[in-house]
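Here is the structure we will look at.
The values are calculated or read from the model by the stated rules, or taken from the named source; none is laboratory data. Fair warning: this is a prediction, and the values are worked out from it, not measured in the lab. Here the Cβ positions follow ideal geometry from the backbone for every residue, glycine too, while neighbour counts run over all protein chains shown. Side chains are part of the model used for accessible areas, which takes the heavy atoms of the whole protein and leaves out ligands, DNA and RNA. Shrake-Rupley method; radii C 1.70, N 1.55, O 1.52, S 1.80 Å.
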Amino acid sequence: MKTTLEMDRIKERQKLSALGMSYSIQRMDLLIVSISGAGIYVCLETLKYINDKQLETSTLIKWAGGVLLFAIIVNFISQFLGHRSNLNDYLMCEAKLDAGSKISKAEQSIIDRYDYKAECYDKATNIFNYASALSMFVGLVLLLSYFLMAF
């Protein structure tokens with residue numbers, strides 16, 4: 001039997017899940033997008049300078065820009081996956097609240113399905129977050145390597 005305290009905790013968790021859906025768009029991933037975007041700008045400006053001065057184009061600067069673009073794309077995918085994770089957690093809490101104190105097997109099955117989906121999306125989000133951060137790091141290293149070798 002679920003007590004009022006347990007129901008209150010589930011309601012509070014549901015509120016946090018709803019906040020998490022909007023927060024997932026605003027978190028640290030903004031830094032990855034900003035830094036990667038700035039890196040892409042530097043790459044494009046460098047390529048423009050190289051073209052204007054008719055210098056030999058380095059593939060390293062192109063790779064750096066491509067990897068930084070990849071970081072932004074992967075970050076976008078992680079945002080989508082994070083939203084889906086929070087949505088499924090929210091729906092799980094909603095199903096628990098709708099079920100009340102006595103949960104039938106059918107209701108438990110629905111709750112378990114939402115919980116499983118939330119966990120899967122959360123794992124995928126973490127993988128994509130790490131991949132995005134790693135891509136940004138690699139792109140910056142390539143960019144800095146170019147400038148260290150060129151000048």
Within the range 95-128, residues being closer than 22 Å to I77 by Cα and charged (D, E, K, R) number 5
Scan of the range 28-47 for residues that are open to solvent by 40 Å² or more (accessible area, probe 1.4 Å) and touching a helix residue (DSSP H, G or I) at 6+ places or on another chain (Cβ under 8 Å), ordered by number: V33, I35, V42, L44, L47
Among the residues of the range 48-68, are any under 24 Å from the mean Cα position of the chain (by Cα), outside any helix (DSSP H, G or I) and under 30 Å from S145 (Cβ atoms)? no
Do we have any residue at all in the range 48-56 that's surrounded by fewer than 16 Cβ atoms within 10 Å (Cβ to Cβ), at pLDDT below 95 and within 15 Å of L140 (Cβ to Cβ)? no
Please work out which residue is farthest from G39 (Cα to Cα), limiting yourself to the range 57-81 and to residues that are open to solvent by 40 Å² or more (accessible area, probe 1.4 Å) and among the aliphatic types (A, V, I, L, M). I77
Where residues in the range 86-106 are among the acidic types (D, E) and open to solvent by 60 Å² or more (accessible area, probe 1.4 Å), which of them is nearest to Q14 (Cα to Cα)? E94
